[in-house]
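In what follows, a single structure is set out as structure tokens and then discussed.
Read-outs: derived from the displayed coordinates by stated rules, not from any lab. As the structure is a prediction and not an experimental result, all values here were calculated from the model. All Cβ positions, even for glycine, are placed from backbone atoms using ideal geometry, and neighbour counts span all protein chains on display.
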Amino acid sequence: MGHLDPKGGAVWVLGAAGQIGTRWIQLLKARGISVLAPTRAQLDLTDLDSLRTYLLAHSSKPIQAIVNAAAYTQVDLAEKERNIAQVLNAELPGTLAKLAHQHNVPLVHYSTDYVFSGTGTKPWVETDPTGPLNFYGETKLAGEKAILATGARALILRTSWIFDGHGRNFLRTMTKLGRHAQAKPGQKIRVVNDQIGAPSFAKDVAAASLRALEEFRGSAPEIFHLCHAGACSWFEFAAEIFRQTQLQVDLEAIPSSQYPTPAKRPLNSRLDCGKLKATFGIEMPDWKKGLEECIRENPDL
Ligand SMILES: NC(=O)c1ccc[n+]([C@@H]2O[C@H](COP(=O)([O-])OP(=O)(O)OC[C@H]3O[C@@H](n4cnc5c(N)ncnc54)[C@H](OP(=O)(O)O)[C@@H]3O)[C@@H](O)[C@H]2O)c1
């Protein structure tokens, strides 16, 4: 689409208080781009009629793009709160894609490694068959399909294992548990060692997404994989977190079978990001680098 223009109108960012959304707002503001980013209190996204009314009320100003960083991201709870997950993850993306189409602006939307079944060991490419194992994954896949069906100019970015210095994520859970365990010698932290993926720093994901948006020349929706390079298990991720934060923790590797959760997780969550590199020249650094930067930025994690 070319570079976003500080004089060219607002970018709508939904889910602006989330991990990736917060980073989008920072990036856009740093570039002097005006942002329309309703909070949950201003706009409940489960109410799609309110969304249309809200956006119509603000549509007198020109817009340049729509970024959907909102989602129902609580994977286990999604098994129970099915209606909410369905509206946010499956229906909202289609509504946004239609709006983007009407306004003739591009949409950036996020999807997930959880659209795959997790079989095998090879990183998944965009064209691989999907097969979600849990309801969250099903709704995210339905969201992708809803966007594809509109024909809107949209980037559907599948990412994985997002972390940052704020929000609900594995990094913050581990540092919290690590501090507790350090204060109580003999306490073990058990982490699964058979789910493999790429931890991805929300800041780097948002920056790469913005670059992709500006380089995007397509006129139809397209799926790309976008995550950090390298891969590890949750156990290896935890070990690296404790190494980098210098927390002395007794860590134990366990199989997923010893950590039952309401939602089943894929074992192989690796995403092949070759298409992103070939199309936009974007290559993400190794996940350990992203973790280093995040910890440097957030020393009190
Ligand atoms: N987190 C991961 O590990 C991961 C992995 C792969 C893909 N993804 C995808 O990446 C995208 C961004 O993920 P994230 O981790 O940045 O998400 P997040 O931190 O959970 O943020 C989600 C945002 O959605 C907002 N939201 C949820 N329900 C809402 C509602 N009813 N009305 C208004 N706003 C609502 C939340 O608002 P509040 O702040 O008010 O709660 C929050 O700002 C999502 O599409 C997700 O599926 C995430």
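Taking every alpha-carbon pair under 8 Å whose residues sit at least 6 apart, the range 103-232 reaches a relative contact order of 32 percent. How much of the calculated P(r) for the range 22-77 lies past 19 Å, in percent of all Cα pairs? Considering the range 22-77, 38 percent of its Cα-Cα pairs are separated by more than 19 Å.
Which distance in Å, rounded to a whole number, links the C-alpha centroids of the range 235-300 and the range 93-130? The two parts, judged by their Cα centres, are 21 Å apart.
The overall shape of the range 196-301, judged from the alpha-carbon gyration tensor, is oblate: a/c is not under 1.5, and a/b is no greater than b/c. Classify the range 99-168 as rounded, prolate or oblate from the Cα gyration tensor: take a ≥ b ≥ c as the square roots of its eigenvalues, call it rounded if a/c is under 1.5, otherwise prolate when a/b beats b/c and oblate if not. Judged from the Cα gyration tensor, the range 99-168 comes out oblate (a/c at least 1.5, b/c at or above a/b). Counting Lys and Arg as +1 and Asp and Glu as -1 over every other residue whose Cβ lies under 15 Å from the Cβ of D250, the net charge comes to +4. Panel note: the C-alpha atoms of the chain, placed on their principal axes, show extents of 62, 40, 37 Å (largest first).
Structure remark: mean-square fluctuation, Gaussian network model of the chain, C-alpha springs under 10 Å; the largest value among V67, V115, V191 belongs to V191.
Other residues lying with their Cβ under 14 Å from the Cβ of Q187 contribute a combined charge of +3, Lys and Arg counting +1, Asp and Glu -1. Remark: C-alpha extents of the range 34-111 on the principal axes read 39, 24, 20 Å, sorted largest to smallest. Would you mind telling me which residue in R40, R270, R23 has the biggest mean-square fluctuation in a Gaussian network model of the chain, where springs connect alpha carbons within a distance under 10 angstrom? Highest fluctuation of the listed residues: R40. Please work out the Cα center distance from the range 31-81 to the range 140-211, rounded to the nearest Å. Taking the Cα centre of each part, the range 31-81 and the range 140-211 sit 20 Å apart. The phi-based Karplus calculation (6.51 cos²θ - 1.76 cosθ + 1.60; θ = phi - 60°) puts the 3J(HN,Hα) values of the range 204-216 at 5, 5, 5, 5, 5, 5, 4, 4, 4, 4, 6, 8, 5 Hz, whole numbers, x for Gly and Pro. Beyond 23 Å in Cα-Cα separation lie the following of the pairs K29/K203; K140/K188; K80/K288: K140/K188; K80/K288.
Given the chain, what percent of its DSSP beta bridges are antiparallel, to the nearest 5? For the chain, the DSSP antiparallel bridge percentage is about 5. Let me make sure I get this right: for the range 217-273, a, b and c are the square roots of the gyration tensor eigenvalues over alpha carbons, sorted descending. Under 1.5 in a/c it's rounded, otherwise prolate if a/b > b/c, else oblate. Which is it? Judged from the Cα gyration tensor, the range 217-273 comes out oblate (a/c at least 1.5, b/c at or above a/b). Of the cross-linked pairs K176/K289; K98/K122; K7/K145, those separated by over 28 Å at the C-alpha level are K98/K122; K7/K145. Helix content alone sets the calculated 222 nm mean residue ellipticity of the chain: runs of n ≥ 4 DSSP H residues at -39500 (n - 2.57) each, divided across all residues, give -11500 deg cm²/dmol. Each of K184 and A229 was given a label point 7 Å from its Cα along the Cα-to-Cβ line. The distance between the two points is 4.1 nm.
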